Amino acid sequence: VQLQASGGGSVQAGDSLRLSCTSSKRTTSNNGMGWFRQAPGKEREFVAAISWNGVSTLYGDSVKGRFTISRDITKGTVYLQMNSLNVEDTAVYYCAVRRGSGSSRYSYDYNYWGQGTLVTVSS
């Protein structure tokens, strides 16, 4: 399974960004997917997850209410809409897919990871 994350960039605090994670729909259409992030010098942090059919979503406490995860099964793509960005959101964002169909906030549940896309938020 190959995952390609895109959409990162440099923005100002308060701005929005939408990240995309593209995969082969045949290999991920029945799988839960998630976004994690890692800031410099910090451990990887759970951001958001979505079940195979998009019905179940989970969010990390630090992004709840600001970020929205969604997916388009027909395109094999998962999105992360990020609003009201702040400097603490600066990190490399990784998408991942798990063998199970549900959503999960635990990194050990995920089997395949994308290469990451950098988001930099300045004040």
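The values are calculated or read from the model by the stated rules, or taken from the named source; none is laboratory data. Being a predicted model, the structure only gives us computed values, none of them experimental. Note that each Cβ is placed from the backbone with ideal geometry, even for glycine, and that neighbours are counted across all protein chains shown. Ligands, DNA and RNA are stripped out before the accessible areas are found, and what is left, the full protein with its side chains, is counted by its heavy atoms. Shrake-Rupley method; radii C 1.70, N 1.55, O 1.52, S 1.80 Å.
Which length gain, in nm to one decimal place, applies between Glu88 and Val1 when the Cα-Cα distance is subtracted from 0.36 nm times their residue separation? Provide the component values of the computation, followed by the final result.
Working: separation 87, 0.36 × 87 = 31.32 nm, distance 3.05 nm.
Using 0.36 nm per residue and subtracting the Cα-Cα distance, I get 28.3 nm.
Along its principal axes, what span do the Cα atoms of the range 62-123 show, with the longest given first and each in whole Å?
39, 23, 20
Indicate, rounded to the nearest 5 percent, the antiparallel portion of the DSSP beta bridges found entirely in the chain. Spell out each step's value before the answer.
On the way: 34 of 38 bridges.
Here the antiparallel bridges make up roughly 90 percent for the chain.
Using a 1.4 Å probe on the protein chains only, how many percent of the accessible area of the chain belongs to carbon and sulfur? All intermediate terms of the calculation are to be shown ahead of the outcome.
On the way: 2840 of 6220 Å².
Carbon with sulfur: 46 percent of the solvent-accessible area.
Is there a quick way to get the dipole size of the chain? I mean about its Cα centre, with the Cβ of Lys and Arg at +1 and of Asp and Glu at -1; what is the value in debye to the nearest 20?
Working: 13 positive and 8 negative charges, 88 e Å.
For this selection, approximately 420 debye.
Specify, per residue and in Å³, the volume enclosed by the convex hull of the alpha carbon atoms belonging to the chain. Display every interim value, and only then the final one.
On the way: hull volume 10.5 nm³, N = 123.
Cα-based convex hull of the chain, divided per residue, equals 85 Å³.
Helix-only mean residue ellipticity at 222 nm, the chain, DSSP H runs n ≥ 4 weighted -39,500 (n - 2.57), per residue, nearest 500. What is it?
Values: 1 runs with 4 residues, N = 123.
One gets -500 deg cm²/dmol as the mean residue ellipticity at 222 nm.
Which length gain, in nm to one decimal place, applies between Val55 and Thr74 when the Cα-Cα distance is subtracted from 0.36 nm times their residue separation?
On the way: separation 19, 0.36 × 19 = 6.84 nm, distance 1.55 nm.
Using 0.36 nm per residue and subtracting the Cα-Cα distance, I get 5.3 nm.
Can you work out the accessible area per residue across the range 27-72, with the rest of the protein chains kept in place, probe 1.4 Å, in square angstrom?
Working: 2200 Å² over 46 residues.
With the other protein chains kept in place, the range 27-72 gives 48 Å² per residue.
Whole-Hz ³J(HN,Hα) for each residue in the range 10-23, computed from phi via Karplus 6.51 cos²θ - 1.76 cosθ + 1.60 with θ = phi - 60°, x for glycine and proline: what do you get?
Coupling constants for the range 10-23: 9, 9, 8, 4, x, 7, 10, 9, 10, 8, 10, 9, 9, 9 Hz.
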